[in-house]
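Contents: one structure, followed by commentary.
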Amino acid sequence: MKCLTVFLTLSLAVPVACAPSDAGEPLLGGPCEDCHVVYQGMPDRIESRSRIAPKDEPGEPLVVEGTVRDVQGKPAAGIIVYAHHTNAAGIYPRAETRHGRIRGWVRSDSSGHYRFDTIRPGAYPNAGIPQHIHFHIVEAGRGLYWIGDINFDDDPLVTDDFRMRLSPGRGGYGLCQPTKDDDGVWHVTRDIALGQGIQGYPGAAPDPASVTGE
């Protein structure tokens with residue numbers, strides 16, 4: 001399944017790397033709002049399959065999976081993928097972090113594969129912003145950076161105008177085509193290209209136009 005990600009233009013130049021995160025990894029690719037939250041509550045052991053929303057969270061079940069690849073296109077093992085999103089009503093349920101309590105981590109396996117089990121998020125109420133899932137990448141010894149959100153191609157808020165403003169972006173493509181299986185579970189594939197569009201990333205092309213992650 002192909003995906004696309006929002007790619008807006010900023011007139012201001014962004015730095016190649018910011019200050020180190022709370023865990024010591026440098027922030028790559030320009031400003032990153034609340035990137036330090038990635039480390040808050042991070043478990044000691046992270047598997048290749050995990051949950052974002054708890055099993056009892058109301059909403060339509062969703063599986064997000066994909067393959068993490070390096071700049072040569074080879075599967076990359078041991079990469080931490082962090083994700084957070086709203087509940088089914090489009091709200092970030094309050095918790096000890098600004099990202100709310102619907103959040104989780106996976107670490108890519110020997111084949112570069114990862115999988116999240118969660119629910120389909122709701123759009124922000126009365127905001128006109130499509131449903132989305134925020135993604136961050138942690139590469140041990142290299143850095144922390146945000147990549148393009150997952151959006152859903154069947155979302156009514158994903159208009160023709162929205163699609164016209166989409167372009168390949170950070171970490172690969174983010175607008176995904178969801179499918180529903182016989183058990184009523186939604187599935188999307190979000191492959192990740194490490195360093196793609198990330199300024200200062202060794203061996204990767206710079207990102208010519210980007211906005212800060214949220």
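All of the numbers you see were taken from the coordinates with simple rules; none came from a lab. Quick caveat, the model's predicted, so the values are computed rather than measured. Every residue, glycine among them, receives a Cβ derived from its backbone with ideal geometry; neighbour counts consider all protein chains shown.
Considering only 146, 95, 130, and ranking their Cα positions along the charge dipole of segment 93-149 that arises from unit charges at the beta-carbon of Lys, Arg, Asp and Glu, the one farthest toward the positive end is 95. Working from label points 7 Å from Cα in the Cα-to-Cβ sense, the residue 127 to residue 57 distance is 1.5 nm.
Extent of segment 5-193 along its three principal axes (Cα atoms, max minus min coordinate, largest first): 41, 41, 36 Å. Note on residue 49 and residue 180: their simple-model spin labels are 2.3 nm apart, each label 7 Å out from Cα toward Cβ. Determine the percent antiparallel among the DSSP beta bridges restricted to segment 5-193, to the nearest 5. Roughly 75 percent of the beta bridges in segment 5-193 run antiparallel, per DSSP. Under 5 Å between amide hydrogens, built in the peptide plane, is the criterion, and for residue 60 it picks out 120 among residues at least 5 positions away or on other chains. Report the calculated FRET efficiency for residue 98 and residue 74 (r = Cβ-Cβ distance, R0 = 25 Å), to the nearest 0.05. E between residue 98 and residue 74, to the nearest 0.05, is 0.10.
Going from the fewest other Cβ atoms within 10 Å to the most, the residues 136, 84, 113 appear in the order 113, 136, 84. Label separation (residue 154 vs residue 42): 3.5 nm, computed from points 7 Å beyond Cα along the C-beta direction.
Taking the fewest neighbouring Cβ atoms within 10 Å as the starting point, the ordered list for 32, 176 is 32, 176. Exposure proxy shown here: for 33, 139, 57, the number of other Cβ atoms within 10 Å sets the order, fewest to most, as 33, 57, 139.
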